[in-house]
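A quick write-up on the structure given underneath.
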Amino acid sequence: MTVRRTPSPLARTTSGFLFVALVCLAFADIAITTVDPWHEFGRLLSGLIAPDFYATDSLAISLLYTLAFALLGVAVGNVFGFGLALLFHSRIVRTGCAVVRAVHELFWALIFLQMFGLSPLTGVLAIAIPYSGIIAKVYAEILEEADRRPLQAVPAGTGHASTFLFVRLPDVWAHFRTYSMYRLECGIRSSAVLGFIGLPTLGFHLESAFKQGHYSEVSALLIAFYLIIASMRIWMRKPILPLYLLAAALVLPWGTTFSLSNIVRFLTHDIVPYPLRTDSADTLAALGDWLSMLLFDQAWPGAVATVQLTMIALVATGALTMIFFPLISPLMLDRAPRTVGHVFLVVVRSTPEYILAFVLLQLWGPSMLPAIVALALHNGAIIGHLIGRYTETVTLRPDAPRGLDRYFYEVAPRVYRPMLALLFYRWEVILRETAILGILGIATLGFYVDSAFADLRFDRAMFLIAVTALLNICIDMISRAVRACAGGGSGCS
């Protein structure tokens with residue numbers, strides 16, 4: 001009698017996502033529309049190898065602004081995120097954090113831009129608000145997973161505040177500090193990208209240099225950006241952090257003024273659905289038409305394109321991860337090639353997806369292809385680095401094969417499950433980035449949000465941002481279920 005083997009949950013999950021991605025790819029627009037992309041790519045390469053650090057008049061001040069926005073935004077996000085983490089057991093707090101972190105920093109910046117203009121407050125809040133929701137979730141998970149055995153030694157009658165400050169907090173403080181450093185690195189990337197909407201960070205000069213074809217200036221700006229991130233663990237020291245924050249607050253141009261009446265008007269009038277602001281004879285019918293138009297003409301096609309691009313990029317990220325992690329794995333390469341691999345992964349993962357997509361759009365034209373490649377490269381480098389470091393803890397048997405046999409039969413099977421877990425953790429992030437890439441002209445939800453802001457239809461923009469947040473929350477819920485299924489949990493049948 002032949003025994004029919006049932007595919008494992010891991011195999012079913014992989015094949016399911018691969019099938020969905022292939023279907024999405026079949027209907028995706030991945031055409032290269034530029035006349036001579038290789039000529040432009042050659043110009044880009046020649047500029048990258050000959051950086052011009054004197055082409056940008058205000059390079060130093062742009063670097064300072066980039067760091068200042070990141071430091072203040074992450075600091076404020078840490079303060080509020082820490083407080084929210086202590087209240088994360090509340091459903092209201094968990095839901096609120098899920099909503100604020102589901103909206104990308106650039107969407108927050110576009111909202112605050114209407115209230116505060118190009119004020120430093122716009123940049124700081126655009127980073128601080130979503131980061132507070134992200135930090136709250138991570139800190140709450142760290143506290144939940146912390147060793148609770150020291151609590152058994154606490155004398156009876158000790159207050160909750162004293163127990164937390166002197167028992168629980170010291171145990172998790174190192175984890176908080178490590179994650180805060182990682183979040184600062186993310187904040188520097190976010191701060192640079194904010195320049196694409198007009199704030200005076202590196203992104204502002206990058207966009208200008210790219211559009212003018214000044215690739216030597218682009219090279220200098222990117223090198224300066226990479227040096228800041230690569231040296232972060234050298235210049236970021238806890239004892240001088242208060243001085244950094246004070247300097248960041250002083251260096252930003254706070255002289256920008258904004259009108260309280262404009263803020264009130266935006267919050268009480270501009271974002272209210274248009275039919276509710278008019279004296280229409282049939283308000284409900286007008287509101288229904290307004291909702292129908294937004295749902296079927298913008299939200300639905302934008303959401304479909306966003307999910308389509310996300311699924312292709314997710315699977316492409318997984319494929320690149322399996323290619324990238326051997327570059328720094330001691331099980332696969334010697335020290336010298338691993339050093340080159342480290343440099344490559346640092347550069348790729350340090351470059352924001354938005355900037356990568358912007359570069360590729362200049363080379364290939366507006367389609368989904370630049371976004372897919374940008375998302376896969378950036379996230380593949382992040383997960384590839386983590387998996388490569390994970391292989392440092394893996395011990396192979398003495399007679400393990402070498403070369404491709406070692407990769408396919410020894411290393412890859414051991415890292416595939418943790419790779420999938422990290423990939424599905426990044427799923428929510430990839431969706432957020434996919435939505436925002438619409439600002440570059442790709443027809444995701446961000447395209448319609450940006451168009452609404454450009455047309456001063458703020459009610460439409462807020463509705464579409466809410467749709468983006470809801471979609472992100474749904475993906476997060478599905479991701480948690482898939483992770484449990486891929487792990488062979490009881491909920492997977």
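A few notes on this one:
- In this simple spin-label approximation, LEU267 and ILE478 carry label points 7 Å from Cα along the Cα→Cβ vector, and these lie 3.5 nm apart.
- Cα radius of gyration and Dmax for region 295-375 (Å): 16.3, 55
- Rg and Dmax of region 204-259, based on Cα coordinates, read 15.8, 43 Å.
- When MET181, MET419 are compared by accessible area at a 1.4 angstrom probe, the order from most to least is MET181, MET419.
- Sorted largest first, the spans of the alpha carbon positions of region 1-114 along the three principal axes are 78, 54, 28 Å.
- Two-decimal log10 I(q)/I(0) for region 218-351, as the Debye equation yields it once each C-alpha is a single scatterer, q = 0.13 Å⁻¹: -0.98
- Distance from the alpha carbon centroid of region 387-459 to that of region 317-336 works out to 15 angstrom.
- Per residue accessible area in Å² of the chain, where ligands, DNA and RNA are left out and the probe is 1.4 Å: 49 Å²
- Helix-only [θ]222 nm of the chain, DSSP H runs n ≥ 4, -39500 (n - 2.57) each, per residue, nearest 500: -23000 deg cm²/dmol
- Split the accessible area of the chain by element, probe 1.4 Å, and carbon with sulfur accounts for 66%.
- Inter-label distance, nm, simple model (7 Å from Cα along the C-beta direction), ILE32/ALA400: 3.8 nm
- The Cβ shell under 11 Å around ILE127 holds other residues with a net charge of +1, Lys and Arg each +1, Asp and Glu each -1.
- Summed side-chain charge close to PHE210 - residues other than PHE210 whose Cβ falls under 15 Å, Lys, Arg +1, Asp, Glu -1: -2
- Using R0 = 25 Å, the C-beta based FRET efficiency linking VAL99 and MET181 works out to 0.45.
- Radius 15 Å from Cβ of VAL99, net charge of other residues (Lys, Arg +1; Asp, Glu -1): +2
- Order by protection proxy (mean Cβ within 10 Å, highest first), peptides 192-205, 230-243, 318-331: 192-205, 318-331, 230-243
- With each label modelled as a point 7 angstrom along the Cα→C-beta vector, the SER231-THR393 pair spans 3.3 nm.
- Debye equation applied to the C-alpha atoms of region 167-258, log10 I(q)/I(0) at 0.14, 0.16 Å⁻¹: -0.68, -0.84
- Debye log10 I(q)/I(0) at q = 0.07, 0.13 Å⁻¹ for the chain, Cα point scatterers: -0.42, -1.45
The values are calculated or read from the model by the stated rules, or taken from the named source; none is laboratory data. Quantities reported herein were computed from a predicted structural model and do not represent experimental measurements. All Cβ positions, glycine included, derive from the backbone under ideal geometry; neighbour counts span all protein chains shown. Keep in mind that these areas ignore ligands, DNA and RNA; they rest on the heavy atoms of the full protein, side chains included. Shrake-Rupley method; radii C 1.70, N 1.55, O 1.52, S 1.80 Å.
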